[in-house]
Amino acid sequence: MGILNVTPDSFSDGGRHVGADAATKRALAMVDEGADVIDIGGESTRPGAEPVQPDEEQRRVLPVMEALMAVGIEIPISVDTRHAETAAAALAAGAQIINDVSGLKDPAMVEAARNGRAGLVIMHMQGEPGTMQEAPSYDDVAEEVFTWLNERALLVEAAGILPDSVIVDPGLGFGKRTGGGVEDNCRLLDRLPELVSHGRPVLVGASRKRFIGNLTGAGVGQRLPGSLAAALAATWAGAAILRVHDVAETVQAVRLASRLDPADWATAWHAR
Ligand code: HH2
């Protein structure tokens, strides 16, 4: 899943793909690089971000949707939004997946997905983007996040969304502890096979995130190697979708990784 943020303030690509022409160019480049889905977002949800109202969000996203449909883009478009009205408008304009980082806080989101026969990404976030990194707290992060995702998925399935359409995401960086020796994002990657074992497709978004910087000292533009390492861990753990900025590099890494079998060397790694 290639990231296309049409925002002025996203933490990594903010301001770069604003406007339908620049956004379409980037989307088509990601298709060439091997993306299977493009995820369009009109609101930054980075830690500390200011919320964006749905009308402004749609003003950013819908012209891009229309431009992508006009050029006949050949892969599905996902809309990254917390607002059901933006989701519904994007689906009407041709999107096929709703990516909701709020984990369906807007009660109308399930209805939007059902009416639009859309795929639905349910992501875990503790708190709100504005304050989520101030004091996240867990006893057992993986247990709590995975249980919450399963409960949420069962709820939407009971509300009429086809189980095949539900994708779950642990929400790396969204209200997760990082730095000071506690790395919730790494624990979630370590224990990802538990989430995968519940049978729903799992999406992982680690690309260029702050925890990679906290562990390595790398600035936001220097986090490709750490992002690839996280992508490989998620691949080996059985993730179905990786949400990334660097599509060509990730596709190459994952093509190689999927030809290797970590079961053959994991024991030796643990014994080192
Ligand atoms: N991460 C971001 C945004 N949307 N959606 C899902 N499902 N999973 C994620 O991990 C995820 C997401 C944050 O990254 P980015 O879009 O690059 O930045 P910003 O929120 O600043 O636009």
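Our coupling estimate for the range 82-99, obtained by passing each phi through the Karplus curve with A = 6.51, B = -1.76, C = 1.60 and θ = phi - 60°, is 9, 10, 4, 5, 5, 4, 4, 5, 5, 5, 4, 8, x, 5, 10, 9, 9, 10 Hz, Gly and Pro reported as x.
Please report the net charge: other residues with Cβ closer than 13 Å to the Cβ of Ile212, K and R +1, D and E -1. Overall, the nearby charge balance is +3.
Which whole-number percentage describes the relative contact order of the range 102-170, with Cα contacts under 8 Å and a sequence gap of 6 or more? Numbers along the way, then the final one.
Values: 62 pairs, mean separation 30.8, N = 69.
Taking the mean separation of contacting Cα pairs over the length of the range 102-170, I get 45 percent.
The HN-Hα couplings worked out from phi for the range 116-126 by the Karplus form 6.51 cos²θ - 1.76 cosθ + 1.60 (θ = phi - 60°) are x, 6, 9, x, 9, 8, 9, 10, 8, 9, 8 Hz, whole numbers, x standing for Gly and Pro.
Between Gln53 and Asp164, what FRET efficiency follows from the Cβ-Cβ distance if R0 is 25 Å, with the result rounded to 0.05?
So the FRET efficiency works out to roughly 0.15.
Within a straight-line Cα-Cα reach of under 16 Å, Lys209 can be paired with the following lysines, leaving aside sequence neighbours fewer than 8 residues apart in one chain: Lys176. Extension gain for the segment Glu66 to Asp32, taken as residue separation times 0.36 nm less the Cα-Cα distance, is 10.3 nm to one decimal.
From largest to smallest, what semi-axes in whole angstrom does the chain give when each is the square root of 5 times an eigenvalue of its alpha carbon gyration tensor? Let's see the in-between values first.
Numbers: eigenvalues 151, 90, 74 Å².
Ellipsoid semi-axes (Å, largest first): 27, 21, 19.
Charges were assigned to the Cβ only: +1 to each Lys and Arg, -1 to each Asp and Glu. The resulting dipole of the chain about its Cα centre is roughly 540 debye. Centre-to-centre separation between the Cα atoms of the range 113-140 and those of the range 176-203: 14 Å. Projecting the Cα atoms of His245, Ser197, Leu172 onto the charge dipole of the range 142-272, computed from C-beta unit charges around the Cα centre, puts His245 farthest toward the positive end. Going by a ≥ b ≥ c, the root eigenvalues of the Cα gyration tensor, does the range 1-151 fall in the rounded group (a/c under 1.5), the prolate group (a/b larger than b/c) or the oblate group? Prolate shape, in that a/c is at least 1.5 and a/b is the bigger ratio. Our coupling estimate for the range 265-272, obtained by passing each phi through the Karplus curve with A = 6.51, B = -1.76, C = 1.60 and θ = phi - 60°, is 10, 4, 5, 5, 4, 5, 7, 5 Hz, Gly and Pro reported as x. Could you compute the net charge surrounding Val254? Neighbours are other residues with a C-beta less than 15 Å from the C-beta of Val254; K and R count +1, D and E count -1. Residues near Val254 contribute -2 overall. For Glu33, the shell of other residues with beta-carbons less than 10 Å away shows a net charge of -3, using +1 for Lys and Arg and -1 for Asp and Glu. Full extension of the segment from Val220 to Ala135, taken as 0.36 nm per residue of separation minus the current Cα-Cα distance, would add 28.4 nm.
Taking GluC sites (Glu not before Pro) as candidate sites, keep only those in a DSSP loop with at most 11 other Cβ atoms within 10 Å, then name the longest stretch of the chain containing none of them. List each step's numbers first, then the result.
Working: sites that count: Glu74, Glu134.
So the longest stretch without any such site is 135-272.
Using r as the Cβ-Cβ distance of Ala268 and Val18, and R0 as 45 Å, what FRET efficiency do you calculate, to the nearest 0.05? Working shown, then result.
Details: r = 48 Å, r/R0 = 1.07.
Working from the Cβ atoms, E equals 0.40.
We did not get these values from a lab; they are worked out from the coordinates using the rules stated. Keep in mind that what you see is a predicted model, and the values were worked out from it rather than measured. All Cβ positions, even for glycine, are placed from backbone atoms using ideal geometry, and neighbour counts span all protein chains on display.
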